[in-house]
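Novice: Okay, handing you the structure first.
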Amino acid sequence: MALLACVVFPAHAQKDNRDVSIPLDHFYVERQGPGIFRRMLSKLTFGLSTGYGSSSFRHTFNGWVLYQPAAGNPVLYNPANPTQAYTNWFNRVASAPLAINPADFQVNSDTAAVGFKSRAFHIPLRATVHVEFASRYRIGGGYAVEYTHASDFKPTNYAASIRPFSPAVSGFLLKKYFVLAGVSFYRYDNYLFSAELNFGGFSLGSQFDNASVKKSMLINLALPVERELSEYFRVFIRPSFEIRNFTLNVPEESRSVRHRFNAFYLNIGATYRIPELPRCFEPKCRAQINHAHGNREYRSRVHPIWKKQNPHYGENYPNLIRYKGKNKRKLNPY
C-alpha cells in the first residue's frame, strides 16, 4: 500500500502543479498591428521638388523657302505656291498674302541649311509617387507643371541677312505626365545614389494650336542623389536630361515645321513615406521605441521625421552630456 501511495501521489502532485500555473497571456496581450489599408499605404513614397531647367528651342525647315522682306519679320512660303506666306510658325501658324521683291533675301531650305534657335528657361514643380521593393528598385509615376519662357528666335545661318523675331507667345505652362522607373546602385553612409528613367507625354497648353501639333514621347534620364534624414524622410538633388520635340503642321500646304527643345534640369526636393504604425495618441507619452497601449501598437510621438531613429530603442539623445561640447575635453565632466 505504501509503495502504491508513493507511485500515485507524486503523479497527482505533478498534475496539480501544471493546473495552477498561470498562462503568460494573463500578462502579455497580443498586439494588433496596423490594418491592411495602412500597410499598403506605407509602401508608397511621395515626392515633391522644384528647381531650374534650361533648354534650346531649335526648328528646321524641310521644303520651305525662307523670305526676309525689307521691313518686318521673316516669313515662310511653299516654292510651289509663292503667293502665300506663313508667319508665327512656333505655336500657331498664321497666313498672309505674299508679294516677293527679287531684291530681298530668300533661301531655299532644300539647298541650304537654315533655321532658328531660342534659349529658354523652365521653373518646374514636380510631384511623384512610387513604390520601392527589394531595397533598391522603384516604380511609379508623376506629374509636372513648368513655367517656360522662350527668348527671341535667332537665325542659325545668314545672321547678316535674316532678322531675329519674337514669338507670338514667349511664356507658357508646359505640363508633363510620366511613368517612373529606377534603381539604386550605390550607398555611402546615409547617401543613396540612383539612376532613374521617366517616360511619358507632355502638353503645351491652350496657346498652341493643339489640333495641328504632333508631339513626341518625353524621355527623362536622371541621376538623383538622396540624403536619408530618417526612415520616412529624404531630401535629394536630381540632375537630369530630357529629350522631346513637337511638329507644327500647316494643313493648307501638307507640310510642317519640327521643333526640338531638349532640356537640362537641376531639381531639389524631398520624399516622404507614410509610416506603417500610427503615431502614439497619448500627448504625455515619451516612449522612443515602437510600443503598445492596450493591444494596439504605435510608433513614438517624439521622433522628428528629419532625424534618423532606431524603432527598437530610439536615438533622440544618442550622446550623453559628458561627451558633448566642452565636456569632451574635461577629465571629469561631472
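Novice: Can you compute the helix-only [θ] at 222 nm over the chain? Use -39500 (n - 2.57) per DSSP H run of at least 4 residues, normalise by all residues, nearest 500 deg cm²/dmol.
Specialist: Values: 2 runs with 25 residues, N = 334.
The per-residue figure over the chain is -2500 deg cm²/dmol.
Novice: Answer with one residue from VAL65, THR50, ALA99: the one whose Cα lies farthest towards the positive end of the charge dipole of segment 30-144, charges on Cβ with Lys, Arg +1 and Asp, Glu -1.
Specialist: The one lying farthest along the dipole's positive direction is THR50.
Novice: Between the helical axis of 2-20 and the dominant principal axis of the chain, each derived from Cα atoms, what acute angle in degrees is found, rounded to the nearest 10?
Specialist: 30 degrees
Novice: When only Cα pairs under 8 Å and 6 or more residues apart are kept, what is the percent relative contact order across segment 44-273? It would help to have the intermediate numbers written out before the result.
Specialist: Numbers: 614 pairs, mean separation 52.6, N = 230.
Over segment 44-273, the number comes to 23 percent.
Novice: Follow-up. Using only the alpha carbons of segment 44-273, determine the length spanned along each of the three principal axes and report them from longest to shortest in whole angstroms.
Specialist: Principal extents (largest minus smallest coordinate, Cα): 72, 32, 27 Å.
Novice: Turning to a different aspect of this structure: I want the local charge near THR60. Using Cβ-Cβ distances under 12 Å, sum +1 for each Lys or Arg and -1 for each Asp or Glu among the other residues. Spell out each step's value before the answer.
Specialist: Values: positive: ARG58, LYS117, ARG258, ARG260; negative: ASP110.
It works out to a net charge of +3.
Novice: Here's a follow-up. Take the alpha carbon gyration tensor of segment 141-207, find the square roots of its eigenvalues, order them as a ≥ b ≥ c, and report rounded if a/c is under 1.5; if not, report prolate when a/b exceeds b/c, else oblate. Kindly include the intermediate steps, with their values, before the conclusion.
Specialist: Values: a/c = 3.62, a/b = 2.06, b/c = 1.76.
Taking the square roots of the gyration eigenvalues as a ≥ b ≥ c, segment 141-207 is prolate.
All of the numbers you see were taken from the coordinates with simple rules; none came from a lab. None of these values were measured; they are calculated from a predicted model. Heads up, the Cβs are rebuilt from the backbone with ideal geometry, glycines too, and the neighbour counts pull from every protein chain shown.
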